[in-house]
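Just below is one structure, and these are the notes that go with it.
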Amino acid sequence: MTVRAPFHSAEHHPLIDLERHVSARHYSPLPIVASRAEGSWIWDTAGRRYLDMMSAYSAVSFGHGHPRLVDALIEQARRLAVTSRAIYSDQLAPFLSDLVKLTGLDLALPMNSGAEAVETAIKAARKWGNTVKGIPDGAAEIIVFDGNFHGRTTTLISFSSHDQYRAGFGPLTGGFRCVPFGDAQALRAAITSHTCAVLIEPIQGEGGVIVPPAGYLTEVRRLCDEHNIMMIADEIQTGLGRTGDVLAVNHEGVRPDGLCLGKALGGGLLPVSAFAATEELLGVFNSGDHCSTFGGNALAAHVGREALAVLMEEELPMRAAQGGKVLRDALEAANHPVIAEVRGRGLMIGVQLVDTVSARDVVERLGQAGIITKNTYLNTIRLSPPLNTDPADLKWGISRLLEVLDECVASSNSRASGAVAV
């Protein structure tokens with residue numbers, strides 16, 4: 001594939017200027033204005049093409065505009081889209097049936113955003129703690145982990161490790177105990193008679209693509225069983241093939257009591273999420289305890305069901321494992337001095353850079369070189385392309401990344417030489 005010369009920044013694009021004028025200042029996007037996308041590629045308004053190495057944080061795991069999913073969306077939208085849950089639809093039951101079969105759980109409650117799935121899990125865990133375990137109402141505790149990211153609702157930011165996520169948004173919600181991720185001793189020590197659940201990401205995405213030590217999830221499961229605690233896995237980013245298996249917990253053969261899914265569940269077309277769980281946990285809800293006008297609508301259910309079918313029929317977990325090996329092999333073979341560590345599983349990879357190089361600066365340079373991705377904590381660049389990305393495109397993306405890192409080294413050396421010369 002031909003390497004294109006870097007383009008000039010679109011920083012002053014009129015649409016960027018307009019958005020900055022009318023939108024709340026809650027995000028810092030790259031100065032790229034997308035106008036269309038297909039597969040693993042995105043085009044901007046000037047017709048420039050970019051390899052998508054971000055997949056909208058796994059929401060576009062099947063690639064942009066997957067033909068089967070688009071056809072499913074159009075066909076269902078013409079028949080039936082939204083009725084609310086006041087009546088049944090002919091789409092929800094088949095969707096939830098496929099979902100619980102895939103996850104090995106008993107029940108599922110559909111929502112829209114990933115944060116709503118986690119909020120649902122928290123409500124279910126607390127009610128189970130009160131009505132089944134006998135924890136006094138209002139006293140239940142859920143153990144969470146340093147470096148976590150579960151969403152940005154008031155409750156979810158209340159136990160975030162990142163100061164900015166909490167600052168100015170108080171009063172915050174109590175009922176959470178935070179312990180170091182990957183430390184089984186700390187988890188054991190935090191458990192009390194009021195603990196109703198452990199809420200864990202099998203791999204921390206926003207926290208820097210952190211993979212826990214081998215056997216850790218198995219130990220979490222064992223401790224939950226020992227102390228009669230619900231284990232809830234947040235697989236909104238890691239689930240549905242991203243890590244090289246259908247679920248990230250499958251790598252250790254762990255079955256959680258509850259599972260939060262989202263992002264990829266909507267096929268890159270709609271916000272679709274769900275909380276799947278055992279009968280014991282999710283069975284505590286009664287009519288009126290929890291609901292959503294749009295959650296489980298016929299359109300979302302139909303697209304979600306087709307997304308699950310595409311996942312398995314196109315063997316996307318296996319393709320993620322293979323694509324991840326392509327990326328890791330290329331990164332490790334390069335042995336680049338700017339790369340401090342490569343972490344992750346499947347096509348969820350974090351490239352941590354040395355402290356002398358800014359991950360944000362590298363991400364901006366990558367945008368100019370035709371690669372879209374984002375940096376995250378620990379000075380880390382995410383590499384999470386669609387699961388069906390062509391291996392040749394993955395190799396091209398890594399070659400551009402390495403070229404950009406070479407530019408950073410050359411720029412740093414140039415500045416150092418200038419300083420010496422002075």
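Worth a mention:
- Highest average packing first - 234-242, 87-95, Cβ atoms within 10 Å: 234-242, 87-95
- Length-normalised contact order for the chain - Cα pairs under 8 Å, 6+ apart - percent: 23 percent
- Of T195, T380, T173, the one that fluctuates the most in a GNM where the chain has Cα springs shorter than 10 Å: T173
- Among A77, A46, A359: highest mean-square fluctuation, GNM of the chain, C-alpha pairs under 10 Å: A46
- Viscosity 1.567 mPa s, temperature 4 °C, Stokes-Einstein D of the range 73-217 from Kirkwood C-alpha radius, µm²/s: 74 µm²/s
- Given charges at beta-carbon only (K, R positive; D, E negative), |dipole| of the chain in Debye: 460 debye
- For the chain, the tally of Lys pairs with Cα-Cα distances below 25 Å comes to 10, considering only residues 8 or more apart or on different chains.
- Additional length obtainable on full extension of the chain from S411 to A86, 0.36 nm per residue less Cα span: 110.9 nm
- Rg/Rh for the chain, where both radii come from Cα atoms and Rh is the Kirkwood radius: 0.98
- Descending semi-axes in whole angstrom, ellipsoid equivalent of the range 116-177, from the Cα gyration tensor: 22, 11, 10
- Within the range 67-313, DSSP assigns beta bridges of which about 40% are antiparallel (rounded to the nearest 5).
- Descending Cα extents along the principal axes, the range 67-313, whole Å: 54, 38, 37
- Residue among H150, H13, H66 with the largest mean-square fluctuation in a Gaussian network model of the chain, springs linking Cα atoms under 10 Å: H13
- Proxy reagent accessibility, fewest Cβ within 10 Å first, across C260, C224: C224, C260
- A Cβ-based charge dipole, computed about the Cα centre of the range 67-313 with Lys and Arg at +1 and Asp and Glu at -1, lands at about 380 debye.
- Share antiparallel - DSSP beta bridges, the chain, percent rounded to 5: 65 percent
- For the range 101-198, the list of trypsin sites (Lys or Arg not before Pro) that fall in a loop by DSSP and count at most 12 other C-beta atoms within 10 angstrom is empty.
- Exposure proxy order (Cβ contacts within 10 Å, fewest to most) of W128, W43: W43, W128
- I349, I74 arranged by Cβ crowding within 10 Å, fewest neighbours leading: I74, I349
- Computed on the range 147-273, with alpha-carbon pairs under 8 angstrom and 6+ residues apart, the relative contact order is 19 percent.
We did not get these values from a lab; they are worked out from the coordinates using the rules stated. All figures in this text were calculated on a predicted structure; none of them were measured in a lab. As a convention, Cβ positions derive from the backbone with ideal geometry for all residues, glycine included, and neighbour counts pool all protein chains shown.
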